[in-house]
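The structure appears below as structure tokens.
The values are calculated or read from the model by the stated rules, or taken from the named source; none is laboratory data. What you see is a predicted model, and the numbers here were worked out from it, not measured in a lab. Here the Cβ positions follow ideal geometry from the backbone for every residue, glycine too, while neighbour counts run over all protein chains shown.
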Amino acid sequence: MKENLSHILTSLGENREEYYNAVSPAIAQTSNFSFNTVAEMRRALQDEFGTPFYTRGFNPTVNILREKLAALEGCEDALVCGSGSAAVSTAVMGFLKAGDHVICVQKPYSWTYKLLNGMLRRFGVETTFIDGSEIQNFEAALQNNTRMVFIESPNSMTFEMQDIRAVAAFAKRNNLISLIDNSYASPLFQQPHLMGIDLVVHSATKFLNGHSDVVAGAICGSKTHIQQLFANDWMTLGPSISPNDAWLIIRGLRTLELRANRSAETAEKIVPILENHPNVEKVYWPFSTSNPQEKLAKSQMSRCSGMFSLAIKADDALGVERFCDNLNHFLLACSWGGYESLAFPVCGLAQSISYTNSPVPWNLVRMYVGIEDSDLLLQDLLQALDKV
Ligand SMILES: *Cc1c(COP(=O)(O)O)cnc(C)c1O
């Protein structure tokens, strides 16, 4: 990491002397900025990307966050969006036109799948979904009109991974824009831009904010790519985040290192115990010793996040539901990356997250361990597993 992690999380971008040396940054909760003269106004309008003119384009509070997120990913610049899905769709659409072709991994985040398989097909962009575990599959999907490769490593239900360095090299060789959804690992544990990927997108709703109180997203990349994205479509699409939400993420980032490591530590302790439990068929977790991709995982992630999936050994979906319904501490909710532990059952919810070519197992429950006491979480899981 180019800049020191603590410096990024506690100081970078926060020009305290500009506001009474306040330790916590002020929130520029304003939609617009005023000028003394027409000449000043004209100058500002020429650079909406870098000048306070209108908050859809630039806002000083959001800018603090842009600097921090870019530095965390080892990138030159970043854009912050009002949701992770806005970050994905803005980054994808900004580089495509009708007639282009995209290569995407087969189980990306569900709304990413819908963007590529639904909306963009309506606008004449075709996508081939591939098993991303073998680099040959990327080569085989290549067409004359391929423009972009989209990966998600690990993905967020069964945690398949792609060889990030190999995909980046493939993209460079073939002159493609490469994008990765890096929400699962967080920039703390994986920095794909430093492995050659052009653009890194995040659901900042998850680890980056970490308090389950904001929906947000980020796009990180080179100055050239980020400026190009802004110039092409940013002001048209208007995916901007509110300054107040940006401030909450700045506050959440203060503890990113503590939260993400605590959650990872709990997973490291709990996963091996669950793997040996008679009512667990399989645990999906990138760093699991039984994962055939463990070596790849460890070659590109410095540590593994505290999210894993359990395939429950049950006779039917009701057994899986009994496990979920008997959890006392884990909340039944979607999302993850906050302070609180969550369970997200696929059974009964499968319709919204199934893929025609690659279904997610029916007995899968995605678990996220938060920052609570690991013994409390383990005991809760064990007593609920007894009720399957
Ligand atoms: C949640 C999520 C998204 C979408 O982010 P939102 O902030 O909910 O819009 C995208 N990708 C992954 C991997 C996610 O988990």
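Answer yes if at least one residue in region 97-118 is over 18 Å from His225 (Cα atoms), away from the ligand (no atom under 15 Å from the Cβ), in contact with a Pro (Cβ under 8 Å, 6 or more places away or on another chain) and among the hydrophobic types (A, V, I, L, M, F, W, C), and no otherwise.
There is no residue in region 97-118 that is over 18 Å from His225 (Cα atoms), away from the ligand (no atom under 15 Å from the Cβ), in contact with a Pro (Cβ under 8 Å, 6 or more places away or on another chain) and among the hydrophobic types (A, V, I, L, M, F, W, C).
Being crowded, with 24+ Cβ neighbours inside 10 Å and part of a loop (DSSP other than H, G, I, E, B) is the filter; apply it to region 173-190 and report the residue that is farthest from the chain's Cα centre (by Cα).
Gln190
Suppose we keep only residues that are assigned to a helix (DSSP H, G or I) and among the basic types (Lys, Arg) within region 290-336. Which one would you say is farthest from the ligand (Cβ to nearest atom)? Reasoning before the result, please.
So in region 290-336, the residues assigned to a helix (DSSP H, G or I) come out as 294-300, 317-325.
From what's left, among the basic types (Lys, Arg): 295, 298, 322.
Working: Lys295: 23, Lys298: 21, Arg322: 26 Å.
Applying the filter and picking the extreme gives Arg322.
Could you run through region 45-55 and say how many residues are buried (at least 16 other Cβ atoms within 10 Å of the Cβ) and closer than 18 Å to Asp233 by Cα?
Going through region 45-55 one residue at a time, the tally reaches 5.
Name the residues in region 306-346 that are more than 18 Å from Val271 (Cα to Cα), among the small types (Gly, Ala, Ser) and within 28 Å of the chain's Cα centre (by Cα), would you?
The answer is Ala333, Ser335, Gly338.
Considering each of Lys269, Lys295, Lys313 in turn, give the residue that is without any contact (Cβ under 8 Å) to a residue 40 or more places away in the chain and not assigned by TED's automatic domain parsing to the domain that holds Gln106.
Lys295
Enumerate the pairs (first residue in region 206-217 and closer than 10 Å to Leu253 by Cβ; second residue anywhere and in a loop (DSSP other than H, G, I, E, B) and among the polar types (S, T, N, Q)) with beta-carbon separation below 8 Å, excluding pairs fewer than 6 apart on the same chain, so at least 6 apart or on different chains.
Going by the 8 Å Cβ cut-off, the qualifying pairs are Phe207/Ser183; Phe207/Ser305; Gly210/Thr255.
Show the residue pairs that are 6+ apart or on different chains and have beta-carbon atoms under 9 Å apart, the first residue being within region 80-92 and polar (S, T, N, Q), the second being part of a helix (DSSP H, G or I) and near the ligand (Cβ under 7 Å from one of its atoms).
Ser85/Trp111; Ser85/Thr112; Ser89/Trp111; Ser89/Thr112
Given the residues Arg66, Arg42, which is the only one that is surrounded by fewer than 17 Cβ atoms within 10 Å (Cβ to Cβ) and not in a loop (DSSP other than H, G, I, E, B)? Can you show your working first?
Details: Arg66 fails: surrounded by fewer than 17 Cβ atoms within 10 Å (Cβ to Cβ).
Checking each option against the conditions leaves just Arg42.
Residues checked against (1) farther than 30 Å from Ile371 by Cβ; (2) touching a Leu at 6+ places or on another chain (Cβ under 8 Å); (3) of a type in the set (D, E, K, R); (4) in a helix (DSSP H, G or I):
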{"position": "Phe207", "(1), (2), (3), (4)": "no, yes, no, no"}
{"position": "His211", "(1), (2), (3), (4)": "no, yes, no, no"}
{"position": "Val215", "(1), (2), (3), (4)": "no, no, no, no"}
{"position": "Cys220", "(1), (2), (3), (4)": "no, yes, no, no"}
{"position": "Ile226", "(1), (2), (3), (4)": "yes, yes, no, yes"}
{"position": "Trp234", "(1), (2), (3), (4)": "yes, yes, no, yes"}
{"position": "Asn244", "(1), (2), (3), (4)": "no, no, no, yes"}
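Here are some residues: Val105, Val125, Val92, Val88. Which one is crowded, with 18+ Cβ neighbours inside 10 Å and either acidic (Asp, Glu) or within 14 Å of the chain's Cα centre (by Cα) (or both)?
Testing whether each residue is crowded, with 18+ Cβ neighbours inside 10 Å and either acidic (Asp, Glu) or within 14 Å of the chain's Cα centre (by Cα) (or both) leaves just Val88.
Just to be sure I understand, how many residues within region 21-30 are closer than 21 Å to Leu248 by Cβ and either exposed (fewer than 11 other Cβ atoms within 10 Å of the Cβ) or in contact with a strand residue (DSSP E or B) (Cβ under 7 Å, 6 or more places away or on another chain) (or both)?
1
Consider Ile197 carefully, then state whether it is crowded, with 24+ Cβ neighbours inside 10 Å and not in a helix (DSSP H, G or I). Let's see the steps before the verdict.
Values: crowded, with 24+ Cβ neighbours inside 10 Å: yes; not in a helix (DSSP H, G or I): yes.
Yes, satisfied.
Any idea which of Gly50, Gly13, Gly57, Gly82 is assigned by TED's automatic domain parsing to the domain that holds Ser240, touching a Lys or Arg at 6+ places or on another chain (Cβ under 9 Å) and small (Gly, Ala, Ser)?
Values: Gly50 fails: touching a Lys or Arg at 6+ places or on another chain (Cβ under 9 Å); Gly57 fails: touching a Lys or Arg at 6+ places or on another chain (Cβ under 9 Å); Gly82 fails: touching a Lys or Arg at 6+ places or on another chain (Cβ under 9 Å).
Exactly one residue qualifies, and that residue is Gly13.
Just for region 1-56: of the residues that are touching a Gly at 6+ places or on another chain (Cβ under 7 Å) and under 17 Å from Leu69 (Cβ atoms), which one is modelled with the lowest pLDDT?
Met1
Restricting to region 98-136, count the residues that are assigned to a loop (DSSP other than H, G, I, E, B) and in contact (Cβ under 8 Å) with a residue 24 or more places away in the chain.
Pass one, region 98-136, residues assigned to a loop (DSSP other than H, G, I, E, B): 98-100, 106-109, 123-125, 131-134.
Checking the rest, the ones that are also in contact (Cβ under 8 Å) with a residue 24 or more places away in the chain come to 98-100, 106-109, 123-125, 131-133.
Result for region 98-136: 13.
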